[in-house]
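For reference, the structure discussed in these notes is given below.
The values are calculated or read from the model by the stated rules, or taken from the named source; none is laboratory data. This is a predicted model, so every value here is computed, not measured. Using ideal geometry, Cβ is built from the backbone for each residue, glycine included, and neighbour counts are taken over all protein chains shown. Keep in mind that these areas ignore ligands, DNA and RNA; they rest on the heavy atoms of the full protein, side chains included. Shrake-Rupley method; radii C 1.70, N 1.55, O 1.52, S 1.80 Å.
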Amino acid sequence: MSLAAHVRTSVARALSTLAERGVLGPDADVAGARFNVDRAKRPEHGDFATNAPMVLTKQAGVPPREIAAALVDALADDPVVRSAEIAGPGFVNLRVRPSAVHAELATILASGAAVGHAASGVGERVHLEFVSANPTGPITVASARNAVLGDAVGRLLEATGHRVTREYYLNDHGNQVRAFAASVRAAHDGLPPPEDGYKGAYVAEVARALDASSPEVWGDDDALARAAVGAMVRGLPGSTTLPGLRATLARLGVVFDVWFSEESLHRWGHVEAALARLRAGGFLEEHDGALWFVTKGESAVEDKDRVVRKSTGAYTYFASDIAYHTDKIERGYDRLIAVLGADHHGYVARIRNVLDALGLPSDRFEALLYQLVFVYQEGELVKSSKRAGNVVTADELMGDIDQAAGRVGAGRDALRFFFLSRAASTNVDIDVELAKKKSLDNPVFYVQYGHARLCSILRKADRIGLGDVPATIPWDKLDHEDELRVAMRLAAYAEVVAEAAALREPHRVVFYVQELAREFQSYFTRLKADPILPRDATRDDPTWRDRWDVDKTVARLAWVRAIRAVYASALALIGVDAPERMDLPDSAGDEE
């Protein structure tokens, strides 16, 4: 049970006592009252606040401030609530006892790597589709945002007990793939690409690779298209520009459980079967030689009619989407989530209408829409176009940052952090020069350095003989205001994770770990006269232990371990490395 839940229990228990005493009147339904216990937004207002008096005033027939006054009295000896005071028209601000905060720290230490996580498999079975970019070019920075957002949402859902299947819908059927194959053929023949084709230098690289490995494909357009798509997915051996979609995504920390082929929907008759169901329900109509999906029904979302089969007899992408989402539902998932660019906002209504028409639960489908990514280098906006060949790829950007940082994985961490530090509904600006910096100006470096500093403190504690964890922690020694404030933030971690998962908003975890980093750094910087560990000059005296408050150090080190556990968990949820050692140009004042 979280600290907030403990406080709510205390309030509910106090209200029950008031009801038994007749203070609230005979009509007050305390058990059914839906009051809130929320964390205070400002520390001077306490730790929590409740609106219980406001909620109960109508039932009780008692003014809210009168109920608030009685509630304050009833909480006087509560084991969790230290103090309570009336605020405004009838709210009650609450402060918790240090012992309750200490108990939360003990729970965090006992949880270990599972801190903030719910039991596995207690939630829904979720199908999470993301990226699904056309396999006609390398993963761009924009597609990388889709990948990182989808992966982080999947991590959050798993942390809160859901079973998640990550799926990439491979668009290996239709006009885009034909145009790509035609572009590869043109490059092979030394000709310019077709008007609707792809002009990137990577197209010629694919042509050369296929010429060497599969020369037979040049005689069959379909075979060429399949081979070209396969090359994009698997990558070209030894190529730094085309490592393959799978390899690039893995480098971003994203691994899919399923790669689903659009072409298979047509090959195995799933498109025809799904459309036959719609036709039987009266949702398909012929107009001008084309077949249309007609939106109708009381539960339908307003949308225009859509073509599913052109007058040429060719199926549209929408026809594939109908079959694909039918297949998803039939695989038994409780919820379908798709991560899409903001320009796909009309897609949501379209799919829900189709699911309704098929008699499938449309409320199981939801879409996460994300905005654009802008890359700046030396103050200039870097423009990209997959078809024009001027492409800013995720691999290129990660490689540049890795090289500047001198660490493989630095680019992944930077992209993931920058992408997830903004809500999906806002644009993301990536300052490449900032992302390369090995300084505290770089927000990724700053947060990671906070974790490394915690590890540094614990390593030094081991070296000087204070690293052992006793069976009983003298928590009462942890009484500094800043220490309790940080502990209160740690106690809120599980709530942050649950809310971020429910709202599909991983940026909440990024905000949380940034605040945790700032609060600990502020504490560490200010506490010069009373450091966590004895300084070297102190330990020069052989009798230093006689004058040092070892119990306080033991409690503080337990607190540091709790911070590190939450810190590492939060970074893992956003897919960012939690290094144990980092160099900083000016590390004066470090514990190690």
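Counting residues that are within 26 Å of Leu415 (Cβ to Cβ) and in contact (Cβ under 8 Å) with a residue 40 or more places away in the chain, which helices (runs of 4 or more DSSP H) fully inside segment 486-570 reach at least 2? I'd like the intermediate steps shown before the answer.
Working: elements: 493-503, 507-526, 536-539, 544-547.
Filter on segment 486-570 gives 493-503, 507-526.
Could you check segment 152-191 and list, in sequence order, the residues that are touching a helix residue (DSSP H, G or I) at 6+ places or on another chain (Cβ under 6 Å) and over 29 Å from Thr316 (Cβ atoms)?
Those that are touching a helix residue (DSSP H, G or I) at 6+ places or on another chain (Cβ under 6 Å) and over 29 Å from Thr316 (Cβ atoms): Ala152, Arg155, Leu156, Leu157, Ala159, Thr160, Val164, His188.
Are any residues in segment 347-370 outside any strand (DSSP E or B) and open to solvent by 30 Å² or more (accessible area, probe 1.4 Å), and if so, which ones?
Applying the first criterion (outside any strand (DSSP E or B)) to segment 347-370 yields 347-364.
If the condition is that a residue be outside any strand (DSSP E or B) and open to solvent by 30 Å² or more (accessible area, probe 1.4 Å), then Arg350, Arg352, Asp356, Gly359, Pro361, Asp363, Arg364 are the ones that fit.
Take Ala159 and decide whether it is among the aliphatic types (A, V, I, L, M) and open to solvent by 10 Å² or more (accessible area, probe 1.4 Å).
No: the conditions fail for Ala159.
Of all residues being part of a helix (DSSP H, G or I) and in contact (Cβ under 8 Å) with a residue 24 or more places away in the chain in segment 335-346, which is most open to solvent (accessible area, probe 1.4 Å)? Just the residue, please. Working first, answer last.
To start, the set of residues in segment 335-346 that are part of a helix (DSSP H, G or I) comprises 342-346.
Retained after the next criterion (residues that are in contact (Cβ under 8 Å) with a residue 24 or more places away in the chain): 342, 344-346.
Details: Ala342: 29, His344: 79, His345: 126, Gly346: 23 Å².
Among those that are part of a helix (DSSP H, G or I) and in contact (Cβ under 8 Å) with a residue 24 or more places away in the chain, it is His345.
Exactly one condition in (1) in contact with a strand residue (DSSP E or B) (Cβ under 9 Å, 6 or more places away or on another chain); (2) open to solvent by less than 20 Å² (accessible area, probe 1.4 Å); (3) over 30 Å from Pro474 (Cα atoms) is false for Ile86; which is it?
Exception for Ile86: condition (2).
Does Ser132 qualify as being open to solvent by 10 Å² or more (accessible area, probe 1.4 Å), in contact with an Asp or Glu (Cβ under 8 Å, 6 or more places away or on another chain), of a type in the set (Gly, Ala, Ser) and touching a residue at least 12 places away in the same chain (Cβ under 8 Å)?
Working: open to solvent by 10 Å² or more (accessible area, probe 1.4 Å): yes; in contact with an Asp or Glu (Cβ under 8 Å, 6 or more places away or on another chain): no; of a type in the set (Gly, Ala, Ser): yes; touching a residue at least 12 places away in the same chain (Cβ under 8 Å): yes.
Here the answer is no, as Ser132 does not meet what is asked.
When you check Val62 against the structure, is it farther than 26 Å from Asp479 by Cα and part of a loop (DSSP other than H, G, I, E, B), yes or no? Give the steps one after another, and end with the answer.
Values: farther than 26 Å from Asp479 by Cα: yes; part of a loop (DSSP other than H, G, I, E, B): yes.
Against the criterion (farther than 26 Å from Asp479 by Cα and part of a loop (DSSP other than H, G, I, E, B)), Val62 qualifies.
Mind telling me which of the residues Ala494, Ala471, Ala501 ends up being at pLDDT 95 or above and open to solvent by 30 Å² or more (accessible area, probe 1.4 Å)?
Numbers: Ala471 fails: at pLDDT 95 or above; Ala501 fails: open to solvent by 30 Å² or more (accessible area, probe 1.4 Å).
Going through Ala494, Ala471, Ala501 in turn, just one is at pLDDT 95 or above and open to solvent by 30 Å² or more (accessible area, probe 1.4 Å): Ala494.
Looking at Arg208, Arg226, can you tell me which residue is basic (Lys, Arg) and either in contact with a Lys or Arg (Cβ under 6 Å, 6 or more places away or on another chain) or buried (at least 16 other Cβ atoms within 10 Å of the Cβ) (or both)?
Details: Arg208 fails: either in contact with a Lys or Arg (Cβ under 6 Å, 6 or more places away or on another chain) or buried (at least 16 other Cβ atoms within 10 Å of the Cβ) (or both).
That would be Arg226, the only listed residue that is basic (Lys, Arg) and either in contact with a Lys or Arg (Cβ under 6 Å, 6 or more places away or on another chain) or buried (at least 16 other Cβ atoms within 10 Å of the Cβ) (or both).
Could you please tell me which pairs satisfy a Cβ distance under 7 Å, a separation of 6+ or placement on different chains, a first residue in segment 302-328 that is over 11 Å from Glu262 (Cα atoms) and in contact (Cβ under 8 Å) with a residue 40 or more places away in the chain, and a second residue that is surrounded by 18 or more Cβ atoms within 10 Å (Cβ to Cβ) and of a type in the set (D, E, K, R)?
Every condition considered, the pairs that remain are Asp303/Arg350; Arg306/Arg350; Tyr315/Arg309.
Give me a count of the residues in segment 422-438 that are more than 21 Å from the chain's Cα centre (by Cα) and open to solvent by less than 30 Å² (accessible area, probe 1.4 Å).
Going through segment 422-438 one residue at a time, the tally reaches 1.
Take the conditions polar (S, T, N, Q), surrounded by fewer than 15 Cβ atoms within 10 Å (Cβ to Cβ), assigned to a loop (DSSP other than H, G, I, E, B) and on the phi < 0 side of the Ramachandran plot and apply them to Thr295. Does it pass?
Working: polar (S, T, N, Q): yes; surrounded by fewer than 15 Cβ atoms within 10 Å (Cβ to Cβ): no; assigned to a loop (DSSP other than H, G, I, E, B): yes; on the phi < 0 side of the Ramachandran plot: yes.
When the stated conditions are applied, Thr295 does not pass them.
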